[in-house]
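Peer 1: What follows is a single structure, and I will ask about it in a moment.
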Amino acid sequence: METTLTQRDSPIKRIAFVGPECTGKTTLSRTLAQQFQTVWAEEYMRTYLQHKWDTQHLTCTWDDLLPIAHGQVSLENKRIQQANEYLFCDTCLLELMVYSYLYYGKCNPQIERAALTHHYHTLFLTYVDVPWQPDDLRDKPHERESVFAFFEQHLNAHGIQYHILKGSLEERIAQCTKMLTA
């Protein structure tokens, strides 16, 4: 695992998806990677927390955030070496930062500093107009609109440019494709 939260330099364009739970980030990342014949970086937090749930029946705590951040950066740095023109990221440290503020009212300064200095060619914020699907880790089915607003508030407060994705999977893919190939 990475011992640093530094993004690896690369000419590959990083495309990241952030937003409330169950808003299509994984499906979009995987589908667009196939469409553009490249790789995608899955959400490390999901892998990490699913393992914690499966083995200990425990949920996320403050102490999990830094290891999750290191795992996410490590995964992105590994995948960027395998990518072809684009790397689609099914989240990034910005998501971890926003969720840290949402759940704990604060963020580890190392995570926040890295989140705000990492560069993504395009950042997409996924809207809550897709059905919510329960699983072991999701816990806010009735708060997705307020979580979306929380994301907007934090991205705007830091002057981070983003594009909102709405509509069906096909409509979202068309929006992404148009922006990336324009």
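The values are calculated or read from the model by the stated rules, or taken from the named source; none is laboratory data. Computed from a prediction, not measured in an experiment: that's the story for all the values here. Don't worry about glycine lacking a Cβ; one is built from the backbone with ideal geometry, like all the others, and counts go over all protein chains shown. The area values use the complete protein model at the heavy-atom level, side chains included, leaving out ligands, DNA and RNA. Shrake-Rupley method; radii C 1.70, N 1.55, O 1.52, S 1.80 Å.
Peer 1: Just one of the numbered conditions (1) open to solvent by 10 Å² or more (accessible area, probe 1.4 Å); (2) in contact (Cβ under 8 Å) with a residue 12 or more places away in the chain; (3) in a loop (DSSP other than H, G, I, E, B) is not true of T91; which one?
Peer 2: For T91, the failing item is (1).
Peer 1: Can you pull out the residues in segment 1-40 that are crowded, with 16+ Cβ neighbours inside 10 Å and of a type in the set (A, V, I, L, M)?
Peer 2: Once the filter is applied, which keeps residues that are crowded, with 16+ Cβ neighbours inside 10 Å and of a type in the set (A, V, I, L, M), segment 1-40 yields L5, I12, I15, A16, V18, L28, L32, A33, V39.
Peer 1: Of a type in the set (F, W, Y), open to solvent by less than 50 Å² (accessible area, probe 1.4 Å), under 22 Å from R46 (Cβ atoms) and assigned to a loop (DSSP other than H, G, I, E, B), is that true of Y120?
Peer 2: yes
Peer 1: Could I ask something else about it? Among the residues that make up segment 48-62, is at least one of them in contact with a strand residue (DSSP E or B) (Cβ under 6 Å, 6 or more places away or on another chain), open to solvent by 10 Å² or more (accessible area, probe 1.4 Å) and in contact (Cβ under 8 Å) with a residue 12 or more places away in the chain?
Peer 2: There is no residue in segment 48-62 that is in contact with a strand residue (DSSP E or B) (Cβ under 6 Å, 6 or more places away or on another chain), open to solvent by 10 Å² or more (accessible area, probe 1.4 Å) and in contact (Cβ under 8 Å) with a residue 12 or more places away in the chain.
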